[in-house]
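Notes for the one structure printed next.
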Amino acid sequence: MATGLDSQAQDILRTNDRGGYTVPTAGLYPYQWNWDSAFAALGFAQFDMDRAWVELETLFAGQWDDGMVPHILHHVVNPGYFPGPEVWGCNGPSPSSGISQPPVAGTIVRKIYDLDPVVGEARARRLFPKLRRWHDWFLKWRSHEGAICITHPWESGRDNTPDWDGAMARIDPKDVGEYDRRDTSHVDNAMRPTRYDYDRYIWLVQRGRRLGWDQAQMAEDNPFFVADPTMTFTLLRSHRDILALGEALSEDVAGMADDIAQLEAGAESLWNNDLQSYDVRDTVNGAWANCISNASFLNWYAGIPSDGQAKHLDRIMDLAKYPLPSHDPASPKFEPKRYWRGPTWSMMNMMIGEGLIAFGLPQGERLRDATMRLIRDHGFSEYFDPTDGSPAGGQSFTWTAAIWLAWASPNARRA
Ligand code: GLC
């Protein structure tokens with residue numbers, strides 16, 4: 001029997017369960033989100049293995065013919081969220097958005113399989129080819145010098161990070177038309193992206209729709225095609241994980257080692273030597289974002305050590321009481337409560353922390369301890385102010401509960 005915070009976290013997952021999929025939080029996010037669902041599965045795996053697999057199976061039931069797995073599946077249309085499926089205008093197997101999200105699911109399938117290979121074998125075997133097709137889609141349509149790119153800020157899962165400011169400035173959204181944002185009716189304006197950003201988000205959705213979400217057409221003259229550490233590092237890590245899984249299951253893994261070499265080269269193409277950090281590279285003009293974000297620290301998670309990155313890690317961990325902020329607190333663009341422009345996110349901490357721990361670096365356990373204190377003292381909110389830990393965004397949040405169960409809780413069974 002779980003008690004205390006473990007039991008509260010389980011209750012959050014059960015309460016956000018809509019039958020086969022979990023919403024990130026009631027109200028603000030009423031659909032199935034891609035990477036949220038993968039983290040939810042990891043949380044469920046601590047106490048209900050069958051439900052964990054179902055979460056991932058529901059996600060992959062939304063996979064498109066070309067291999068893409070959408071960032072949102074709109075199972076039951078909810079007028080409280082904008083933009084809904086009528087704005088995206090997609091033709092996948094079920095109503096969905098037309099972009100993807102960071103491919104963390106492969107890593108999580110492997111973890112869940114490792115927690116119980118007997119229960120997991122048949123299910124992992126069925127997901128394996130779907131994961132490969134999804135990864136191949138990224139390699140085919142989102143690769144630039146080996147790094148993985150995004151075609152919309154939402155695709156990275158880090159919606160309004162300063163990392164995109166340069167590329168976003170290139171978009172002129174004058175013909176975007178009227179629309180009614182719903183997010184600010186659930187959460188304080190000061191914690192959400194600005195109107196300036198939103199106009200550009202919707203403009204990019206309208207462009208994709210106009211082009212029928214055809215990747216070849218979308219790639220032409222795309223004003224927003226940005227090489228992103230989140231995508232590159234999570235795909236590299238997931239590809240390593242599904243390669244190991246495929247070998248354990250004696251599945252066909254031909255070509256995967258070459259993909260990994262290509263992604264490793266791509267990761268190095270994101271090293272900004274002046275900044276001494278992994279950074280976002282704008283493929284349209286070659287410019288660096290010159291931003292140190294929490295995604296910059298996913299290199300260890302992807303299996304890549306870096307002394308230069310570790311120096312920034314120590315500096316930033318000393319600056320923020322509750323690390324790891326999503327944007328460098330020393331930067332003038334740092335805003336401690338505004339979404340991806342400063343707040344700390346538990347699932348990013350887990351990935352960064354796990355990577356550090358795997359390399360035997362003590363900062364990993366420090367980050368885990370900070371995440372434990374953050375949730376224990378400030379609850380299961382969507383994200384947190386790194387300066388004082390105050391909760392921000394939505395409450396009773398699925399991934400924060402899942403990260404508690406799978407990683408931050410002293411009782412977590414970690415694979
Ligand atoms: C926001 C986040 C994104 C997340 C979604 C649902 O858009 O930026 O990463 O997947 O909310 O929680």
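FYI, it's all coordinate maths here, none of it is from the lab. Quick caveat, the model's predicted, so the values are computed rather than measured. Cβ: placed from backbone, ideal geometry, glycine included. Neighbour counts: every protein chain shown.
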Positive end of the dipole of the chain, charges at C-beta (+1 Lys, Arg; -1 Asp, Glu), about the Cα centre: which of ASN222, ALA261, LEU73 has its Cα farthest in that direction? LEU73
Relative packing of peptides 314-321, 346-353, 405-412 - highest average C-beta neighbours within 10 Å first: 346-353, 405-412, 314-321
Using alpha carbons only, how many angstrom separate the centre of the stretch 85-104 from the centre of the stretch 233-274? 25 Å
Ordering 173-186, 292-305, 265-278 by per-residue average of other C-beta atoms within 10 angstrom, highest first, gives 292-305, 265-278, 173-186
Net charge near TYR322, counting Lys/Arg +1 and Asp/Glu -1 over other residues with Cβ under 12 Å of its Cβ? 0
What FRET efficiency would be calculated for the residue pair GLN276, HIS186, taking the C-beta separation as r and a Förster radius of 35 Å, to the nearest 0.05? 0.35
For ASN91, placing the label point 7 angstrom along Cα-to-beta-carbon and taking the stretch 44-83, residues whose amide nitrogen sits under 13 Å are 65-66
Restricting attention to the alpha-carbon atoms of the chain, what are Rg (one decimal) and Dmax (integer), both in Å? 19.5, 56
Could you work out how far apart the two model spin labels at ASP65 and ARG413 are, taking each label as a point 7 Å from the Cα in the direction of the beta carbon, and quote it in nm? 4.2 nm
Ranked GLU382, GLU145, GLU354, GLU247, criterion: other C-beta atoms within 10 Å, fewest first: GLU247, GLU145, GLU354, GLU382
Taking r as the C-beta separation of ARG170 and ALA257 and R0 as 35 Å, the FRET efficiency to the nearest 0.05 is 0.40
Measure off 7 Å from each Cα along the Cα-to-Cβ vector at THR3 and SER269, then give the distance between these two points in nanometres to one decimal. 5.4 nm
With +1 assigned to the C-beta of every Lys and Arg and -1 to the C-beta of every Asp and Glu, and no other charges, what is the dipole magnitude of the stretch 4-408 about the Cα centre in debye, to the nearest 20? 480 debye
Any idea what the relative contact order of the chain is, in percent, if you count C-alpha pairs under 8 Å spaced at least 6 apart? 18 percent
With r as the distance between the Cβ atoms of GLU220 and VAL76 and R0 = 56 Å, compute the FRET efficiency 1/(1 + (r/R0)^6) and round to 0.05. 0.95
Under the rule of -39500 (n - 2.57) per DSSP H run of 4 or more residues, summed and divided by the residues of the chain, what mean residue ellipticity at 222 nm is obtained, to the nearest 500 deg cm²/dmol? -14000 deg cm²/dmol
Kyte-Doolittle mean at least -1.0 and Cα extent at least 24 Å along the axis: which DSSP H helices of the chain qualify? 117-141, 229-248
Amide hydrogen neighbours beyond the local backbone of HIS327, cut-off 5 Å, H modeled: ASN294, GLY342
Of GLY106, LEU374, LEU42, which is farthest on the positive side of the dipole of the chain, counting Cα position, with +1 on Lys and Arg Cβ, -1 on Asp and Glu Cβ, and the Cα centre as origin? LEU374
Quote to one decimal, in nm, the extra length available between ARG210 and ASP116 on full extension: 0.36 nm per residue of separation minus the C-alpha distance between them. 29.3 nm
Count of lysine pairs, the chain, Cα-Cα under 19 Å, sep. 8 or more residues or interchain, comes to 5
